[in-house]
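Before any comments, here is the structure.
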Amino acid sequence: MRLVLIGPPGVGKGTQGQRLIEHFKIPHVATGDMLRAHVREASDLGKRAQAVMSKGNLVPDELIQEMVATRLREPATHEGFLLDGFPRTVPQAVGLAIILERMDVQLDAIIALEVRQEILLTRLTARRTCAHCGTVYNLVIQPPKIMGKCDNCGSGELVQREDDQPETINERMEVYNRQTAPLLSYYRPTGLLHEIDGDGPVEVIFQRILAVLPAGK
Ligand code: AMP
């Protein structure tokens, strides 16, 4: 299964992405996570990306393109993958089409998750991430079992992402509307785009996604 997951910040791409990779046993190619790993390691790419990311803007297309192309050349992604957070601009989508053509493979579906703006803001301000293992929580809809403690590794360091501060959230929303939303018009004529209501319990949304995906992949 070769999938693309698109949606505004806070729509639940990470949560649904996790369910999808477990269900289809495919690698999660999440460009935001890959970039944050580069920032932590202080690699050349990480140093270039950090300032842009902390302001809520997009990392230049050519840097992202190269990072994704390298990942998709790895044998682990040959049988399938979930692209999460990429493409985020029309030029990135064009770049992805070229990468896939060279690999002689095609996408099976593009899932666009949609939620009203007010809900997105509430979700983003309540998001916390474990500083040790990266598990993501939402203090309102998906809190850890013991407040302030990671269910997965027991760490007491549940932190807010730097780009989840209120001023940065607004910028990311604008960037989404200006640069990423046009992807919907780009993908609609392919017949592979499925626009899914991302409001409701996690499991219900997951079933909505499964219902539109091709069977037997
Ligand atoms: P995310 O975790 O998907 O919300 O991404 C966090 C940040 O990483 C974004 O706000 C961008 O600064 C950067 N980023 C992630 N994916 C991309 C992409 N495909 N193109 C450009 N920047 C990206």
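The values are calculated or read from the model by the stated rules, or taken from the named source; none is laboratory data. Just so it is clear, the model here is predicted, and its values are computed rather than measured. Methodologically, a virtual Cβ is constructed for each residue, glycine included, from the backbone with ideal geometry; neighbour enumeration extends over all protein chains shown. In case anyone asks, the SASA skips ligands and DNA or RNA and just uses the protein heavy atoms, side chains included. Shrake-Rupley method; radii C 1.70, N 1.55, O 1.52, S 1.80 Å.
Between the DSSP loop rule and a limit of at most 16 other Cβ atoms within 10 Å, which GluC sites (Glu not before Pro) in the stretch 6-84 are left?
79
Which whole-number percent is the relative contact order of the stretch 1-153 (Cα, under 8 Å, 6+ apart)?
Answer for the stretch 1-153 is 35 percent.
Less than 13 Å Cβ to Cβ from residue 127, Lys/Arg counted +1 and Asp/Glu -1: what total charge do the surrounding residues give?
With Lys, Arg at +1 and Asp, Glu at -1, the net is +2.
Ordered by residue, what ³J(HN,Hα) values in Hz, to whole numbers, does the stretch 179-195 give under the Karplus form 6.51 cos²θ - 1.76 cosθ + 1.60, where θ = phi - 60° and Gly and Pro are x?
9, 9, 4, x, 4, 5, 5, 5, 8, 4, x, 6, x, 9, 7, 10, 8
Which order do the peptides 46-53, 116-123 come out in when sorted by mean C-beta neighbours inside 10 angstrom, highest first?
Most protected by this proxy first, the peptides run 46-53, 116-123.
Which percent of the accessible area of the chain is formed by carbon and sulfur heavy atoms (probe 1.4 angstrom)?
53
Any idea which of 129, 90, 115 is furthest toward the positive side of the dipole for the stretch 1-145, if Lys and Arg beta-carbons carry +1 and Asp and Glu beta-carbons -1?
Highest projection toward the positive end goes to 129.
With unit charges on the beta carbon (Lys/Arg positive, Asp/Glu negative), name the residue among 69, 140, 187 whose Cα is farthest towards the positive pole of the charge dipole of the chain.
Among 69, 140, 187, the one farthest towards the positive end of the dipole of the chain is 140.
Considering only the other residues whose Cβ falls under 14 Å of the Cβ of residue 94, what net charge follows from Lys and Arg at +1 and Asp and Glu at -1?
-1
Of 106, 215, 14, which is farthest towards the positive pole of the chain's charge dipole, taken about the Cα centre with +1 and -1 on the beta-carbons of Lys, Arg and Asp, Glu respectively?
14
On average, how much accessible surface per residue is there in the chain, in Å², for a 1.4 Å probe, leaving out ligands, DNA and RNA?
Accessible surface, normalised per residue, equals 51 Å².
Once you charge only the Cβ atoms, +1 for Lys and Arg and -1 for Asp and Glu, what is the size of the charge dipole of the chain about its Cα centre, to the nearest 20 debye?
Using Cβ point charges on Lys, Arg, Asp and Glu, the chain gives about 220 debye.
In the calculated pair distance distribution of the stretch 16-149, what percentage of Cα-Cα distances lie above 20 Å?
Of the Cα pairs, 55 percent sit more than 20 Å apart.
Mind checking the dipole of the stretch 154-217: about its Cα centre, +1 per Lys or Arg Cβ, -1 per Asp or Glu Cβ, Debye to the nearest 20?
500
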